[in-house]
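The values are calculated or read from the model by the stated rules, or taken from the named source; none is laboratory data. Only a predicted model underlies this, so the values are computations on that prediction, with no experimental measurement involved. Note: ideal-geometry Cβ built from the backbone for every residue, glycine included; neighbour counts use all protein chains shown. Surface areas here come from the heavy atoms of the whole protein model, side chains and all, with no ligands, DNA or RNA. Shrake-Rupley method; radii C 1.70, N 1.55, O 1.52, S 1.80 Å.
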Amino acid sequence: MNVVVTGGGTAGHVFPALATAAALRDAHRASIVFVGAGDGQEARLVPEAGFRFVPVRVSAAQARYSFATVRAVSLAVRGSASVRSLVRGADVVVSIGGFASGPAALAAKRTRRPLVLIEPNSVPGIVNRIAARWAAAVATTFDGTVSRLPAGVRVERTGNPIRSEIAAVPDRRERLRAEAVDAFGLAPDRTTVFVFGGSQGALHLDQAIAQALPALAHRGDLQLLVSTGPGREAEVARAVDAAAALRVAVVPFIDRMDRAFALADVVVSRAGGSVAEVTACGLPSILVPYPHATENHQEANARELVAAGAARMILDRDLSSSALVAAILDLVDDPEARSAMSASAREWARPDAAVRIADLCIEVAGV
């Protein structure tokens, strides 16, 4: 079975695509070729994962008519022509979305190859909204997505694919927690709050947590693991008082997120694709949606999780050190609330999403 997987731009797109590719390869012996942007994170991550990578030139568009939109469409059409023969030989094309997915998704239409879309957010991106018109199926993460897709398209709530090592956290938590204690220099017996803003970090979140540390300094039962994003760890580290009872580990990037999730009791994060990993690990979360995400999709993501009882939300415009401290301590000091949120997170999550989508691909391909 030959499969073209396409999309990318950010790690939030690439990791789910790689999880799906691995499930297709491992469960169905599929031969995988990945089409993505030559300057996106997929250009590095895909070859590192052992898959063949074919680069295309793409550009972001805008919702309104503009030169950027014209250029993006032009590059998508040209990219489609360059990968058409590759797509023609595929049994199915799987697209995670993003502008990097445009050329192969368009080539699937022109060669009449079945297309399966993966939509990780509550509000579909522009490429997925367009490609849904000719897709065989759309695999969604959020219940609210279906109302934002064209009428008549087949929609399956599979969840957002996550890395196998993250899906294994609940079963390996004790061993991974011990590894995390050693790796981050933290304590095994404190309540741990894990703060992260994604692979590139979140400046406003970093600033708020740095300003919040003095108000938490007296808590000898508490520790924080803060992943700031590259180049910004010094800002938070400067706020750490070595004499305080609170323990804080500040790092620019975490390549073993399974360890961090295993150590965490509460997560503070943005509300992008990482929520699939947070909920799969059964972690209660405080979500601070990125306000400039396309069509404010992170707020829509967060609201669904809040409604499900799995998360609490602070809007970015309301984020302050005092609001963050209050939200953190409200959960840290209420084990029953954390337990209920953890159960709701596990109920909402779909940790087997990659397998579900791989099976869906086999079905639509008819092989």
(request) State all residues of the range 120-150 that are without any contact (Cβ under 8 Å) to a residue 60 or more places away in the chain, of a type outside the set (A, V, I, L, M, F, W, C) and open to solvent by 10 Å² or more (accessible area, probe 1.4 Å); if no residue qualifies, say none. (result) ARG129, ARG133, SER147, ARG148, PRO150
(request) Return the total of residues in the range 231-247 being open to solvent by 30 Å² or more (accessible area, probe 1.4 Å) and over 20 Å from VAL288 (Cβ atoms). (result) 10
(request) Go through the range 304-351 and give me each residue that's open to solvent by 70 Å² or more (accessible area, probe 1.4 Å) and in contact (Cβ under 8 Å) with a residue 24 or more places away in the chain. (result) ARG312, ARG317, SER322, ARG346, GLU347
(request) Could you tell me which residue of the range 11-70 is modelled with the highest pLDDT, considering only residues that are polar (S, T, N, Q) and in a helix (DSSP H, G or I)? (result) THR20
(request) Considering every residue within the range 281-300, establish whether at least one is open to solvent by 10 Å² or more (accessible area, probe 1.4 Å) and small (Gly, Ala, Ser). (result) yes
(message) Here is a list: VAL153, VAL93. Which entry is out of contact with any Phe, Trp or Tyr (no Cβ under 7 Å at 6 or more places or on another chain), of a type in the set (A, V, I, L, M), open to solvent by less than 10 Å² (accessible area, probe 1.4 Å) and more than 25 Å from GLU347 (Cβ to Cβ)?
(response) VAL93
(request) Could you check how many residues of the range 1-10 are crowded, with 24+ Cβ neighbours inside 10 Å and part of a strand (DSSP E or B)? (result) 4
(message) If I ask for residues that are touching a helix residue (DSSP H, G or I) at 6+ places or on another chain (Cβ under 8 Å) and either open to solvent by 70 Å² or more (accessible area, probe 1.4 Å) or closer than 19 Å to GLU119 by Cα (or both), which ones from the range 193-206 would you list?
(response) GLY198
(request) Output the residues belonging to the range 181-192 that are within 13 Å of VAL250 (Cβ to Cβ) and surrounded by 15 or more Cβ atoms within 10 Å (Cβ to Cβ). (result) PHE184, LEU186
